[in-house]
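To start, the structure under review is shown below, and the notes come after it.
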Amino acid sequence: MTVTTFASRANTIRVAGLAALIVVGATLPLWTTPYWIRIATGVALWAGLALSWNVIGGYAGYISFGHVAFFGIGSYTTAILMQPQYHWPFFATLPVAAVIATVFAATAGWPALRLTGAYFAIATWALAEAVRELTTVSDFTGGSGGLTLPVKSSSSFFYYVMLITVVLSYILCYFLLERSRFGYRVKAVRDNEAAARAQGIDATRVKIEAFMLSAAIPAVLGGINAYWITFINPNSVLNTIITDQMVVMVLVGGLGHAWGPAFGAAALYLINEQFLTSFGSSTSYIAMVGIIVMLVVLFLPDGVVSLWGRTRRTRLVRQLLGRAADEFHPRRTTDDASTTARKGASR
Amino acid sequence: MSSVLEVKELARSFGGISAVDGVTFSVDQAEIVGIIGPNGSGKSTLFNLLTGVHKADRGHVMLFGQDVTRKPSHKIARAGLSRTFQLPALFVNMSVRHNLWAAAVQGDWHGAPSMAEDVLELLDLADVAEALAGSLSGGQQRLLEMGRVLMQAPRIVLLDEVAAGVHPRLRQTILKAIRELRAKDTTFLIIEHDLELTQDICDRMIVMDAGKIVAEGTFDEITHDPQVMEAYLGVPVE
């Protein structure tokens, strides 16, 4: 059998798999129980959140530990605008949430993205904590008591809204990051900022644009999630563990991979649900996630998706971890480009 | 012939050490100028000052008549200046082919795929086009950097030891590419330790030592200059 025949068969299997996924996704509420619709909605939500983190973490190479801030901003935007005194329609709140989050990302990113490695991670974590504290003490956000939204008891509605938003986000990111010159700019900056600048790429602008893109998605998802769960408070939508989950899902699925984060999100969300059902708490799940992350970083640095294809980014995880380590223990080097890239913290 | 690059009293210190100390020179269009000097003489720092990687403490850099002394790297690159680095600075998680595409993001993006195939053939990299750039040998990495330069269609090119570690046959390929670009009026500034190569291709040489220019002229002129001999071999024993 020729190589071409194998390739053709692989393509056929891929197309058939995708078609099956579309049919199952589109008809799910018609043939399953509300429990599974809720699970599928959760999978879609986390697949979208993981994607958003992958934009800044995997494609741009900036490890953000504050991504939950954008999810929270989106949640609160929708929740506030849907309060009786404003009475905005749900769908009108989503673009507002996206705009507020992207403006916030641009404003915070302008200074923060001049930092690199661990410094950027710490800065974004502090940023998210600041947003959480502000939300806790502000009256218009309901303080620590949170906000209640109007109830819409249609699980199919939230499933479809979440699914369509996430699918569109994946398609948008795929074309922007894998098929356009913007994607090449982002990846060039990730791999070697000094070399990217030498190609004429405005690295600062590219990083901010990537950060804005990665902020818009969780903001919209946060808005949908707020309406879905009908009650939010700082602990539910601005909890650091939400960012941690995004990071883990991307690492497990495939850092910097177009659809790997969706796989990581689906796998970990389903495992979490199973642990909750079986043991009634997430404690054992958290311990298991720690083990999974260690195994993936050691043996599958490209994530689980690398099992299905050629290994393409074996260096990426190590490069990002190495960059973070270098911030604290700089290695002596004469390499102009790498030295300059690491000097980002002082730029 | 008009000067495309004019450098006046350029200086930069790191800590108390003057890496580049009042350097002045100019380069004409389509000229190939070699920069030689012992390790630590300031050659690569000079390139970093010209390309905006480092900011000068004093002095001026005029590129095509425009003052680019305080401009950021990407604006200098967009003005038509392309460079390679002392140690290859590649996009290591991208394939060789995509490294070449990435070099065209500010230029002819739609023509990049076909141009990349020509460059891959020219530099003998077609067989490794799908390999990750980070997995290439040292010589191939230098070729890929040269390939990125070719993709940018630059007006002036700064090459930092571009032939170091490259197979002699491929070195001839690089020299051929340089000559072809020069025929299209591209200007070159080349840092190179291989004097045979610089003799072969450079119209003029600049010799640096301790951050200063100690000699300037043709290859024959500088190889007979006592200051150059001293910089390379040390003070003659009495």
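The single residue among B:M62, B:M146 that is away from chain A (no Cβ under 11 Å) and in a strand (DSSP E or B) turns out to be B:M62.
Before we move on, is A:L221 farther than 24 Å from A:Y285 by Cβ and part of a helix (DSSP H, G or I)?
Numbers: farther than 24 Å from A:Y285 by Cβ: no; part of a helix (DSSP H, G or I): yes.
Answer is no for this residue.
For the residues B:S44, B:S13, B:S26, the requirement of being assigned to a helix (DSSP H, G or I) and small (G, A, S) singles out B:S44. Within the range A:185-202, being in contact with a His (Cβ under 7 Å, 6 or more places away or on another chain) and either surrounded by fewer than 18 Cβ atoms within 10 Å (Cβ to Cβ) or part of a helix (DSSP H, G or I) (or both) holds for one residue alone: A:R197. Residue-level check: of (1) surrounded by fewer than 16 Cβ atoms within 10 Å (Cβ to Cβ); (2) in contact with a helix residue (DSSP H, G or I) (Cβ under 8 Å, 6 or more places away or on another chain); (3) within 14 Å of chain B (Cβ to nearest Cβ), A:S180 misses just (2). For residues that are at the interface with chain A (Cβ under 7 Å from one of its Cβ atoms) and in a helix (DSSP H, G or I), scanning just the range B:74-91, find the one that is farthest from A:A196 (Cα to Cα). For the range B:74-91, the residue satisfying everything is B:R78. Taken residue by residue, the range A:165-173 has no member that is within 12 Å of another protein chain (Cβ to nearest Cβ), under 29 Å from B:L90 (Cβ atoms) and surrounded by fewer than 24 Cβ atoms within 10 Å (Cβ to Cβ). Evaluation of B:A133 against the conditions (1) within 11 Å of another protein chain (Cβ to nearest Cβ); (2) touching a residue at least 60 places away in the same chain (Cβ under 8 Å); (3) surrounded by 24 or more Cβ atoms within 10 Å (Cβ to Cβ) shows that the sole unmet condition is (2). Considering (1) touching a Gly at 6+ places or on another chain (Cβ under 9 Å); (2) within 14 Å of another protein chain (Cβ to nearest Cβ), the lone condition that A:R205 does not fulfil carries the number (1).
Being modelled with pLDDT under 70 and more than 12 Å from chain B (Cβ to nearest Cβ) is the requirement here; does A:G280 meet it? Considered against the rule, which asks whether it is modelled with pLDDT under 70 and more than 12 Å from chain B (Cβ to nearest Cβ), A:G280 comes out as no.
One residue stands out in the range A:131-153 among those that are aliphatic (A, V, I, L, M) and touching a helix residue (DSSP H, G or I) at 6+ places or on another chain (Cβ under 8 Å): the one that is nearest to A:F65 (Cα to Cα), namely A:V131.
If the condition is being within 13 Å of the chain's Cα centre (by Cα), away from chain A (no Cβ under 13 Å) and either surrounded by 24 or more Cβ atoms within 10 Å (Cβ to Cβ) or among the basic types (K, R) (or both), then the range B:33-51 contributes B:G34, B:I35, B:I36.
Please note which helices (runs of 4 or more DSSP H) are completely contained in the range B:153-238 and include at least 1 residues that are farther than 24 Å from A:A198 by Cα and among the acidic types (D, E). Walk me through it before giving the result.
Numbers: elements: B:168-183, B:195-201, B:219-223, B:226-233.
Fully inside the range B:153-238 and qualifying: B:195-201, B:219-223, B:226-233.
The values are calculated or read from the model by the stated rules, or taken from the named source; none is laboratory data. Predicted model only: the values in this text are computed from it and were never measured. Neighbour counts are summed over all protein chains in view; Cβ atoms, including those assigned to glycine, are modelled from backbone coordinates with ideal geometry.
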